Amino acid sequence: MSIRWRMEKTPQKLRRQDWLTLGLNVLAKNGIEAMRVERLAELMNVTKGSFYWHFKNREDLLMAMLQEWEVRETDNIIKQVEAAGGNASTKLFNLFQIASQDDGRLEKAIRNWAANDTRSAAAIARIDLRRINYMQTLFLQMSFPTVEAKARARLAYYSWIGEFIVGVLPTQAERLEEAKLYHTILVRHD
């Protein structure tokens, strides 16, 4: 009876997803150096034991965070663009609009982390390729030759990533206007 009472009185247990969300937020705000189990547990107001219930160690958390980032920032965005429908040009514009809403902090933090970590660098390389290939497919559907479709996809992607790396982001309104202009330029057949 007393065990049942304790279980009913115990606060809701943290889920693995809670740790991933916090980890990605801490990474975006403070960088990879801030990703310490003790600090995360402190922020969650729990003991480290809760962390070890969900992850083997810090490295396990970091690899899970990379997977979560890929799902959120690649898989879910592609699904969102595809679900909205339309022709390839419309899908590309929708993709640009979604990208223009990202503040880039997490993207930049992950890329900074990858500068000194081979496993995260390999994940980024794979994810970059997936993103570029998705855009290339859209350009191919717009009847651009393969080489040109690839160049246009790279140009669009490198422009987006470059904003985050340079660190001087235009306002949200400016980014949306630029997305419209990029789209107009990139889908033009001369």
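The values are calculated or read from the model by the stated rules, or taken from the named source; none is laboratory data. Please read all numbers here as calculations on a predicted model, not as lab measurements. Please note: Cβ atoms are built from the backbone with ideal geometry, for glycine as well, and neighbour counts cover all protein chains shown.
Of all residues in region 158-174, none satisfies being at pLDDT 95 or above, exposed (fewer than 15 other Cβ atoms within 10 Å of the Cβ), among the polar types (S, T, N, Q) and outside any helix (DSSP H, G or I). Exactly one residue out of S50, S89 is out of contact with any Asp or Glu (no Cβ under 6 Å at 6 or more places or on another chain), hydroxyl-bearing (S, T, Y) and touching a residue at least 60 places away in the same chain (Cβ under 8 Å): that is S89. One residue stands out in region 122-132 among those that are surrounded by fewer than 15 Cβ atoms within 10 Å (Cβ to Cβ) and either small (G, A, S) or without any contact (Cβ under 8 Å) to a residue 24 or more places away in the chain (or both): the one that is farthest from K79 (Cα to Cα), namely A122. Counting residues in region 159-181 that are over 24 Å from I32 (Cα atoms) and within 17 Å of the chain's Cα centre (by Cα) gives one or more.
Looking only at residues in region 54-104 that are of a type in the set (D, E, K, R) and not in a helix (DSSP H, G or I), the one that is surrounded by the fewest Cβ atoms within 10 Å (Cβ to Cβ) is K56.
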